[in-house]
Structure formats: C-alpha cells, structure tokens
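I have placed the structure first, in the form of structure tokens, so that the comments after it can refer back to it.
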Amino acid sequence: MVPTVPPAVSPHRRPPRGTVRAYFRNIRLALSTAFDGMSVTMSYMFRRPLTIQYPDKIDKPVQEMLPESYRGVLEVDMDRCTVCLQCQKICPLGCINIESCKNPETGNREVTKFDIDIGLCMYCGLCAETCNFDALDHTREFEATVTTPDQMILHFVEKPREVTKLKAAEMPVRKHKGSILQKMIPAFGRRHPQEVWTPTAYAAAPVPALKAPTATPKPAAPVASAAPSAADSPTPEQAP
Ligand code: SF4
Ligand code: SF4
C-alpha cells in the first residue's frame with residue numbers, strides 16, 4: 001500500500017495576487033526586511049571598530065610590529081660585503097647584478113656595481129641565506145613605492161669602493177636593518193626608528209615637493225590699435 005503524502009502547506013500562505021490584501025502584505029514585508037537589514041548595520045555604529053586607518057591611526061609603524069624574520073625589501077651593507085658573488089649566483093631570477101675590478105693604481109679590488117632589482121625579486125630569501133657575512137639581508141620594509149620602473153633597481157654602490165679584506169669577526173657591526181634603504185627610497189626615509197613615532201610626526205614629515213613646471217615666456221602679443229594714428233594715415237600726396 002502506497003503511503004499518502006500530506007499536501008505541502010506553507011505557514012505563510014500567500015493571498016492571491018492582485019488583491020488588496022496582497023498589496024498591503026508586500027508593503028509590510030518590504031518594511032520589515034528593510035528594518036532587519038538596517039538593524040544589523042546600525043548595530044555596528046555602537047561597537048568598537050575592528051579596522052584601523054593605515055598609516056594614520058596606528059600606534060606604531062607596521063614595520064616595527066613585523067617579526068625579525070619578515071622578508072621585506074633587500075638591503076646590502078657594503079662595509080661587510082666581500083663581493084664573493086654567492087648571492088648573485090644563487091638568485092634564480094637574476095635580480096642581483098655585481099661588478100668588480102682591480103684598481104690598476106692601488107692593486108686593490110674594487111666593487112663598481114651592486115644592484116638589486118626589487119621589481120623582479122620574489123623575496124625567496126635564498127640570497128640572504130647564502131651570504132656568510134650578514135651583508136645582504138631582508139628588511140621589514142614593504143612600502144617600496146616608486147614613481148618609475150627604473151627606480152626599482154636599487155644601487156648600493158654609487159662610486160667604486162674598495163672591497164673589504166676583513167674577516168667576518170673583524171668587520172664592523174651590521175647597520176640597523178632598514179637604515180640603508182631609508183636613504184635610498186624617499187618613502188622609507190619618512191620614518192626614523194630612532195625617534196619616537198607619532199601619527200602627527202608622520203603627517204609633519206617633510207615630503208619632497210613636486211617641482212613646479214617653469215612657465216615659458218610667451219611672445220608679446222601685438223597691440224591692436226583701435227583707430228589708425230595720424231602718422232599711419234596717408235598724406236594727401238600719397239592718396240591716389
Ligand atoms: S652580499 Fe654577501 S653573498 Fe653577496 S657578494 Fe656580498 S658577501 Fe657575497
Ligand atoms: S630574494 Fe630570491 S629572488 Fe630576490 S634577490 Fe634574493 S635570491 Fe633573488
């Protein structure tokens with residue numbers, strides 16, 4: 001025997017369409033659903049916000065809240081670099097470009113180029129791992145905003161400099177992480193870890209002003225004379 005299935009009965013049985021009852025029911029539903037939605041929205045106005053405005057309303061720079069092992073933009077302390085080229089060889093993307101030569105006058109080896117293309121870098125950390133002298137390392141900087149692609153190539157050697165012959169233990173202490181980059185990328189230079197950082201100090205930090213375009217002098221426009229002067233008017237002799 002086939003069991004009988006009870007007919008589906010909706011708890012909110014709809015009135016027939018087109019009736020006055022259906023019309024007012026739709027209005028009531030529209031108002032109640034709008035109220036439900038807005039009550040959720042309004043409830044957030046009285047809660048503590050979970051989001052913060054970056055970078056103006058945070059207690060301290062995000063960079064200082066990141067772990068030491070964070071892999072940010074690379075920097076090189078040239079006082080500790082022996083130009084062993086290990087980092088250049090291990091980089092899978094060829095981001096690091098080092099050139100050196102022997103100074104014919106002094107006979108010492110000099111490094112003439114140490115470039116890192118941070119636009120190409122994938123922050124894998126292989127180069128920093130392979131450096132035995134703690135010269136190349138990741139910083140906690142990540143706001144590497146520049147205005148042109150060529151600025152993404154960081155030049156750590158401005159003029160030829162002698163390669164250090166010191167052993168790792170004799171080398172100078174490595175510079176504070178990020179301090180080298182701050183001099184190279186203007187956006188990094190706005191923050192100074194030595195100073196007490198406040199949102200006001202950030203806002204007051206000098207931002208390099210854009211150079212105003214110099215106005216090119218326009219050629220003087222000819223003065224239009226309303227009426228010909230007496231000197232311009234033809235003399236009776238000149239008149240035909
Ligand atoms: S940064 Fe380190 S690995 Fe790279 S050339 Fe200098 S010393 Fe060698
Ligand atoms: S982090 Fe990786 S990709 Fe970037 S320069 Fe170093 S080795 Fe190359």
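What the table below lists for this structure:
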{"quantity": "Neighbour cut-off at most 10 other Cβ (10 Å), DSSP loop, GluC sites (Glu not before Pro), the stretch 43-114", "calculated": "E68, E105"}
{"quantity": "Long-range HN-HN contacts of R161 with modeled amide H, under 5 Å", "calculated": "V111"}
{"quantity": "Top positive-direction residue, dipole computed over the stretch 51-154 with Cβ charges, set I116, A128, G94", "calculated": "G94"}
{"quantity": "By average C-beta atoms within 10 angstrom, highest first, the peptides 81-92, 132-143", "calculated": "132-143, 81-92"}
{"quantity": "Entries in K102/K177; K102/K183; K57/K175; K102/K165 that, when Cα-Cα distance is taken, lie over 23 Å", "calculated": "K102/K177; K102/K183; K57/K175"}
{"quantity": "Cβ-based net charge around R14, under 10 Å, with every Lys or Arg adding one and every Asp or Glu removing one", "calculated": "+4"}
{"quantity": "Extension gain from E162 to R174, taking 0.36 nm per residue of separation minus the Cα-Cα distance", "calculated": "2.6 nm"}
{"quantity": "Kirkwood estimate for the stretch 63-202, i.e. one over the average of 1/r between Cα atoms, Å", "calculated": "16.0 Å"}
{"quantity": "Inter-label distance for L50 and F24, nm, one decimal - labels placed 7 Å from Cα along Cα-to-Cβ", "calculated": "4.2 nm"}
{"quantity": "Residues I180, I116, I27, sorted so that the one with the fewest Cβ neighbours within 10 Å comes first", "calculated": "I27, I180, I116"}
{"quantity": "Estimated vicinal HN-Hα couplings, Hz - the stretch 79-86 in sequence order (Karplus 6.51, -1.76, 1.60; Gly, Pro = x)", "calculated": "5, 10, 7, 9, 6, 7, 6, 5"}
{"quantity": "Stretch gain in nm, segment S100-S43, where the contour uses 0.36 nm per residue and the Cα spacing is subtracted", "calculated": "14.0 nm"}
{"quantity": "Cα-centred dipole magnitude for the stretch 63-202, charges only on beta-carbon of K, R (+1) and D, E (-1), debye, nearest 20", "calculated": "180 debye"}
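Every read-out reported here was derived from the displayed coordinates using simple, explicitly stated rules and does not represent laboratory data. A quick note: this is a predicted structure, and the numbers were derived from the prediction, not measured. Note that each Cβ is placed from the backbone with ideal geometry, even for glycine, and that neighbours are counted across all protein chains shown.
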